[in-house]
Amino acid sequence: MELQLSGEQKLILESAQRFTAEEYTFEKRRQSVAQGVTVNRSNWNKLAELGWFGIGVPEEVGGFNGSTIENTLIAECLGKAQALEPYTMCAVLPARILAAVLDNEAAQQAIADLISGEKLFAAAFSEPISRGDMTAIKTTASRTTEGWTLSGRKTLVVGGDVADMVLVTAKAAGAAAPEGLCLFLVDAKTAGLTTDGDRLVDWTSGVDLVFEGCKLPADALLTSGEDALALLQAALDAASVVLCAEAVGAIEGAIEATAPYIKERKQYGVTLSSFQALQHRMADMAMELVLARSAVMVALQALANAEPIERSAKVAGCKAFVTRIGKWATSQGIQLHGGYGVTEEYRVGQFYKRLLVIDALFGRQEFQLERYTDWMLSQLEGRLHGN
Amino acid sequence: MNFEPDSADQRFREEVRAFLKAELPSDMAARGRSGFLSERDDALAWQKILAKKGWSVAHWPVEYGGPRWTARQRYIFDEECYLAGAPVTNIGGIGLVGPVIYTFGSPEQKERFLPGIRDGNTFWVQGFSEPSAGSDLAALRTSAVRDGDDYIVNGQKIWTSHGKFGDWNFLLVRTDTTVKKQAGISFLLLDIKTPGVTVRPIQSLEGSHHLAEVFYDNVRVPVANRIGEENKGWDYTKFLLFNERAFYGAEAPALKRYLQKIKHLSSLERAGSEPLIRRPTFATRLAEMEIEVAAIDMTVSRVIAHGLDDRNGGAAVGSILKARGTELAQRLTDMLVEVAGDYGAYYYPDTNDEASLRNQSFAGPEYAPGLMAELVYRRAASIYGGANEVQRNIVAKMLFGF
Ligand SMILES: Cc1cc2nc3c(=O)[nH]c(=O)nc-3n(C[C@H](O)[C@H](O)[C@H](O)COP(=O)(O)OP(=O)(O)OC[C@H]3O[C@@H](n4cnc5c(N)ncnc54)[C@H](O)[C@@H]3O)c2cc1C
């Protein structure tokens, strides 16, 4: 085991730090938000040019190798820079899914388009009843003579408003979820596919996708059944960890916005930073940051080594922990800014809102904790039966 | 101590419920329950309905239109209104400046201003905080200089809640710069349409514009609109801030409404095939919060029943309730957003504020808009009314003399 970044990983981190520091300013972000832009395609293309979309994708399917570790380094920088661009949800996640679909021409073309930035991909796997469990879905796919008809509603589809292509899960009509789970690759311009919703509370992209009798060709089905489930779970686990890294970036960003603020701001003739209550608060925030980053590493370790059930459990544990402490730490950034903290004119509040969105993606705490608990108890099975 | 239910209180509760059922318009109640803040029209319209019944200024003395209720009855009234979704009335008028006027104002001021507040004709907004005078309010710098029968006011206020709705503004100004900062402050009442006043809304994190900056550029305020004596404004302010904390600090009725809403919605919402409320970790967290809400509610009841004593925190209890009540409200609204699942992350424009959007339909369940706004808004509750850190300083000082 080596817990230090390799030389190559360091280079990726440094380039991500440099790029985000130069490209992302709060002013530019505010402009995009005011104009209603969720994903700026020219920024998106710049991320593609940096090669970030192929990282974590094996060379044999057109990627640049590397692992989720590198994805987390990039995501952390983007989280800290408050990038609106959905790197985790529209690059890492669909790339993982597509790369795992073997021997499928459409998927291979798609992954090339994704990595080059030519096309933007969204993944539509969640529905109101899912709450993290991707097998709890109602969208149905019915066989027709020409292919498939898809009907249903997907929620929290990041990139759904701007995507060229959408990866969609559905249940084959008449079948129950794991066996009947189908994964489709759908052109966003398909007739019958519409969006509902505006964007997310942190101003990033996210909408409902509504499928009303969408007719898909037979080869739109990429995979199904247990294979689909295993492949999607692995991809969602990896993306979940990358999302947690974004949260780590947001926590760090909130800390870096707040420390100088309270050193500067005076009340009662002294700086706010002279109050011990606030010194301790910031010390606690710093402690949470250290632990959050370590929690991401615990999950990365599970991604690298653990069997699927344990892997998913540890990822869930990481997500539950990082979002809980992340919401707290970023909310304290607001608290220490006083009234200024609750305004759109100060950047600190955006970190908190980002955490609120991260909390919702891939299922919230009750789901994540229960998944972890189930696994933890399963480890004790022998002992429990002994009693 | 005994816990026999009080039948008079129970009858009163029934009476309030019957009134709300008959008089609270259902569209208004839907907006009140949504989580978005009440806006001017609803606040004043509801105030008018209450005034007709003689219930609009629950804690005012009878001679100014109060209904002669006991503290317990007022609490029951607030709670029932909240649970029914009644709009929040103009607290700046009824809760804050009204009592200052009837306690310290001149007979002319009482006659001129109190009826408008009581009957829901004027909307009052509070101009205390300034960019560099927040927690340290006494450091305020907006100046008022005598010129004949007027003061000329110059300066800036910030965080004026509902600033854009204001008809009248009560504000603190510096009238003496040569003395200790608390000793040079006066309390003025200002018609916001006076030339030289500019209101600039501030966008807050949830997307709405309920806060404002107010700029004063050579604004003339008649000396007759000063409360009490010149340079005694700080005394009136302490009185007002005490009321703010005591009456609005814990917001126990709001806590109960959150619980009610979480239970209701999480029974409807499905996690897979089962109701969300059946999820063990979810239910356990909710149970913990319900237990704490009951303790806060009992603390408020103890204060109402026998005032302050050394078993309920004494004079520190206002700060105790403010800090713990707001923090619990933050946890409860967080859970409320969780109930909405994926839709808890969606942005919904403030349809209370933007009447033109009211007929539009939005993605997700009908109840989803407003939940996130309320959660984000609740972040401010541990900042306004005296930041919770300041409340803890007060508790430490009052209880231990630190
Ligand atoms: C939603 C909202 C509505 C408001 N409505 C009104 C209104 O209608 N009218 C009006 O006049 N004002 C209003 N306010 C202003 C409010 O009273 C101030 O925001 C508050 O007093 C804090 O001042 P500040 O924002 O300048 O923060 P600061 O005083 O700069 O304090 C920033 C933070 O520092 C910490 N802190 C401050 N002092 C101490 C201390 N002694 N010890 C330890 N920590 C400390 C706290 O965490 C605090 O949040 C409102 C504010 C908000 C957010």
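The values are calculated or read from the model by the stated rules, or taken from the named source; none is laboratory data. It should be emphasised that the depicted structure is a prediction, and the values quoted were computed from it without experimental measurement. A quick note on method: Cβ atoms are made from the backbone with ideal geometry, for glycine too, and the neighbour counts reach across all protein chains shown. Quick note on the areas: whole protein, heavy atoms, side chains included, nothing else; ligands and nucleic acids left out. Shrake-Rupley method; radii C 1.70, N 1.55, O 1.52, S 1.80 Å.
Below are the figures for this structure:
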| item | result |
| --- | --- |
| Filter result for residue B:313 (away from the ligand (no atom under 16 Å from the Cβ), more than 27 Å from residue B:165 (Cβ to Cβ) and surrounded by 18 or more Cβ atoms within 10 Å (Cβ to Cβ)) | yes |
| Wholly within segment B:48-151, helices (runs of 4 or more DSSP H) carrying at least 2 residues that are without any contact (Cβ under 8 Å) to a residue 24 or more places away in the chain | B:107-118 |
| Single condition residue A:224 does not satisfy, out of (1) of a type in the set (Ser, Thr, Tyr); (2) within 14 Å of chain B (Cβ to nearest Cβ); (3) open to solvent by 20 Å² or more (accessible area, probe 1.4 Å); (4) touching a residue at least 12 places away in the same chain (Cβ under 8 Å) | (2) |
| Filter result for residue B:85 (under 18 Å from the mean Cα position of the chain (by Cα), open to solvent by less than 20 Å² (accessible area, probe 1.4 Å) and at positive phi) | yes |
| Strands (runs of 3 or more DSSP E) wholly inside segment A:117-176 that include at least 1 residues being buried (at least 24 other Cβ atoms within 10 Å of the Cβ) and modelled with pLDDT under 95 | none |
| Set B:326, B:333, B:351: member being open to solvent by less than 30 Å² (accessible area, probe 1.4 Å), farther than 23 Å from residue A:327 by Cα, in contact with a helix residue (DSSP H, G or I) (Cβ under 8 Å, 6 or more places away or on another chain) and more than 8 Å from every other protein chain (Cβ to nearest Cβ) | B:351 |
| Cβ-Cβ under 6 Å pairs, at least 6 apart or on other chains, segment B:344-361 side within 20 Å of residue A:37 (Cα to Cα), far side of a type in the set (Asp, Glu) | B:347/A:198 |
| Number of positions in segment B:175-204 that are within 14 Å of chain A (Cβ to nearest Cβ) and within 16 Å of the ligand (Cβ to nearest atom) | 7 |
| Selected residue [away from the ligand (no atom under 14 Å from the Cβ) and within 24 Å of residue A:340 (Cα to Cα)] from B:347, B:343 | B:347 |
| The listed residue being touching a Leu at 6+ places or on another chain (Cβ under 9 Å) and outside the structural domain of residue A:132 (by TED's automatic domain parsing), out of A:320, A:277, A:299, A:304 | A:320 |
| Number of positions in segment A:177-198 that are at pLDDT below 95, open to solvent by 30 Å² or more (accessible area, probe 1.4 Å) and within 14 Å of another protein chain (Cβ to nearest Cβ) | 1 |
| Residues of segment B:202-218 that turn out to be part of a strand (DSSP E or B) and in contact with a Leu (Cβ under 7 Å, 6 or more places away or on another chain), as a count | 2 |
| Members of segment B:358-390 that are away from every other protein chain (no Cβ under 11 Å) and outside any loop (DSSP other than H, G, I, E, B) | B:374 |
| Total residues in segment B:64-98, condition more than 30 Å from residue B:187 (Cα to Cα) and within 16 Å of the ligand (Cβ to nearest atom) | 0 |
| Top-ranked residue of segment A:261-276 - restricted to ones that are within 12 Å of chain B (Cβ to nearest Cβ) and assigned to a helix (DSSP H, G or I), ranked as nearest to the ligand (Cβ to nearest atom) | A:272 |
| Verdict on residue B:141 being within 16 Å of the ligand (Cβ to nearest atom), surrounded by fewer than 20 Cβ atoms within 10 Å (Cβ to Cβ) and not hydroxyl-bearing (Ser, Thr, Tyr) | yes |
| Filter result for residue B:329 (among the hydrophobic types (A, V, I, L, M, F, W, C), within 16 Å of the ligand (Cβ to nearest atom) and under 19 Å from residue A:278 (Cα atoms)) | no |
| Extreme residue, farthest from the ligand (Cβ to nearest atom), among residues of segment B:152-171 that are in contact (Cβ under 8 Å) with a residue 60 or more places away in the chain and within 18 Å of residue A:338 (Cβ to Cβ) | B:156 |
| Only one of B:392, B:358 that is surrounded by fewer than 18 Cβ atoms within 10 Å (Cβ to Cβ) and under 21 Å from the mean Cα position of the chain (by Cα) | B:392 |
| The listed residue being open to solvent by less than 50 Å² (accessible area, probe 1.4 Å), touching a His at 6+ places or on another chain (Cβ under 8 Å) and either assigned by TED's automatic domain parsing to the domain that holds residue B:41 or in contact (Cβ under 8 Å) with a residue 40 or more places away in the chain (or both), out of B:204, B:186, B:208 | B:204 |
| Residue within segment B:376-390 that is within 21 Å of residue B:209 (Cα to Cα), of a type in the set (Asp, Glu) and within 16 Å of the ligand (Cβ to nearest atom) present | no |
| Test: residue in segment A:355-369 that is more than 10 Å from every other protein chain (Cβ to nearest Cβ), part of a helix (DSSP H, G or I), open to solvent by less than 10 Å² (accessible area, probe 1.4 Å) and touching a Phe, Trp or Tyr at 6+ places or on another chain (Cβ under 7 Å) | no |
| Filtered residue count, segment A:342-351, keeping only those that are within 7 Å of chain B (Cβ to nearest Cβ), part of a helix (DSSP H, G or I) and either open to solvent by less than 10 Å² (accessible area, probe 1.4 Å) or among the small types (Gly, Ala, Ser) (or both) | 1 |
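Rundown of residues vs (1) within 14 Å of another protein chain (Cβ to nearest Cβ); (2) open to solvent by 30 Å² or more (accessible area, probe 1.4 Å); (3) assigned to a strand (DSSP E or B), yes/no style:
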position: A:204; (1), (2), (3): yes, no, no
position: A:215; (1), (2), (3): no, yes, yes
position: A:249; (1), (2), (3): no, no, no
position: A:254; (1), (2), (3): yes, no, no
